[in-house]
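Colleague: Would you mind keeping the following structure in view while I ask a few things?
Just so it is clear, none of the values below were taken in a lab; they were calculated from the coordinates. Note that the structure is predicted; figures quoted are calculated from it, not measured. For neighbour counting, all protein chains shown are included, and Cβ atoms are generated from backbone atoms with ideal geometry for every residue, glycine included.
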Amino acid sequence: VRAGLGRVVAAMEDPNPLVAGRGMAQLAAAGIATQSGLLAEAAHEMNIGFFKRMRHGTPWVRLKVAASLDGATGLENGESQWITGPDARADGHAWRARACAILTGIGTVKADDPQMTVRGIDTPRQPQRVIVDSKLEIALDAKILQGAPCWIAAAAPDPAKLQQLRAAGHEVLVLPNAGGKVDLPELMRELGRRQVNELHVEAGYKLNGSLVRAGCVDELLVYLAPALIGAGQGMFALGPFAQLAHKHELAFTHVAQVGADVRLMARFLPHKE
Ligand SMILES: NC(=O)c1ccc[n+]([C@@H]2O[C@H](COP(=O)([O-])OP(=O)(O)OC[C@H]3O[C@@H](n4cnc5c(N)ncnc54)[C@H](OP(=O)(O)O)[C@@H]3O)[C@@H](O)[C@H]2O)c1
């Protein structure tokens, strides 16, 4: 107002209920012409996590999977590195970098001992790492626990292990569900309270399936390699459904070739089951 502007054009109103519409109202009261809605869709996409958290209290959850053309994410013996090529892996790191937090499961930690950091991409900060591990089976020397404190979601933690992890600087969130596993919707609410706008998931088929069943996933980021693996681990532990009508439906939003692989993006439609 003090700068004496004549006209202000905004992309969108701030969805934060604490401020929504107030800035524009103040400008209008000071006689400044205001308009909102310019490039609104692009602005929404850029801030999709913030909008999701303001409206629902939970992060925008983008789940990444790398699979063969016949849908396998690994061999039956667990070998899964690498199904897709270097370009797809680098692209995956760019998606990790834009997320506030990266979530994985204890199955993946045990099988691959991943770091779950952003590498090979300029980033001002590393995303917060989150591990779903009901019984706190994670090894203290697991690579993911090195470098920065992690948040570990547990259900029935062993008290001695809990103390060890806390002494090493990690945070353990005890969020049990009725089945003795981690309550995933409650974890999403907790991440929302911790201001996580975008959550990037890189987990195995078990946690992927549970997240989808619980309605926690907004978007899939799938890299498909031009290879057939045959019997192996799938992308999601789901079903079996009695009827096709129970399927989880998505809409493709984007298709691109990345190196030798294809990147598909799809968003979930409301589930009818
Ligand atoms: N290709 C890819 O994109 C990709 C990406 C990541 C991993 N992988 C592969 O996936 C394999 C591991 O798969 P995975 O399914 O065993 O591992 P996972 O999905 O990473 O972790 C599964 C574990 O999470 C724990 N958990 C806690 N609460 C849960 C809940 N509510 N629902 C489901 N799980 C819950 C369970 O163990 P507790 O009950 O003991 O906590 C469960 O066994 C590895 O071979 C890895 O290489 C592939």
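Colleague: Convert each backbone phi in the range 211-216 into a coupling constant with the Karplus relation 6.51 cos²θ - 1.76 cosθ + 1.60 (shift: θ = phi - 60°), then list the ³J(HN,Hα) values in order as whole Hz, x for Gly and Pro.
Modeller: 5, 5, 4, 7, x, 8
Colleague: Still on this model: Work out how much length GLU13 to LEU75 would gain on full extension: take 0.36 nm times their residue separation and subtract the Cα-Cα distance, in nm to one decimal.
Modeller: Working: separation 62, 0.36 × 62 = 22.32 nm, distance 4.80 nm.
Fully extending the segment from GLU13 to LEU75 adds 17.5 nm.
Colleague: What translational diffusion coefficient, to the nearest whole µm²/s, does the range 1-122 have by Stokes-Einstein, given a Kirkwood radius computed over alpha-carbon pairs, a temperature of 37 °C and 0.692 mPa s viscosity?
Modeller: It diffuses with D of about 179 µm²/s by this estimate.
Colleague: Shifting gears a bit: From the backbone phi of the range 168-178, what are the Karplus-calculated ³J(HN,Hα) couplings (6.51 cos²θ - 1.76 cosθ + 1.60, θ = phi - 60°) in whole Hz, Gly and Pro given as x?
Modeller: 7, x, 8, 9, 10, 9, 8, 9, x, 9, 5
Colleague: Return the distance in nm (one decimal) between the two label points of a simple spin-label model at HIS246 and ARG193, each offset 7 Å from Cα along Cα→Cβ.
Modeller: 3.3 nm
Colleague: GNM on the chain, C-alpha springs below 10 Å: top fluctuator among ILE32, ILE83, ILE48?
Modeller: ILE32
Colleague: Averaged over all directions, how much area does the convex hull of the C-alpha atoms of the range 141-217 cover when projected, in nm²?
Modeller: Spelled out: convex hull of the Cα atoms, projected over all directions, averaged, 5.8 nm².
Colleague: Rounded to whole Hz and in sequence order, give me ³J(HN,Hα) for the range 225-238 from the Karplus expression 6.51 cos²θ - 1.76 cosθ + 1.60, θ = phi - 60°, writing x for Gly and Pro.
Modeller: My calculation for the range 225-238 gives 8, x, 8, 10, 10, x, 4, x, 7, x, 8, 9, 7, 9 Hz in order.
Colleague: Return, for the Cα atoms of the chain, the radius of gyration and Dmax in Å, separated by a comma.
Modeller: Answer for the chain, Rg first and Dmax second: 21.0, 69 Å.
Colleague: 222 nm [θ] for the chain, helices only, -39500 (n - 2.57) per DSSP H run of 4+, per residue, to 500?
Modeller: -7500 deg cm²/dmol
Colleague: What are the extents of the Cα atoms of the range 205-256 along their three principal axes, listed from largest to smallest and rounded to whole Å?
Modeller: 30, 28, 22
Colleague: Whole number please: convex hull volume per residue, Cα atoms of the range 136-273, in Å³. Working shown, then result.
Modeller: On the way: hull volume 23.8 nm³, N = 138.
It comes to 172 Å³ per residue, whole-number rounded.
Colleague: Between the range 1-40 and the range 124-172, what is the separation of their alpha carbon centroids in Å?
Modeller: 43 Å
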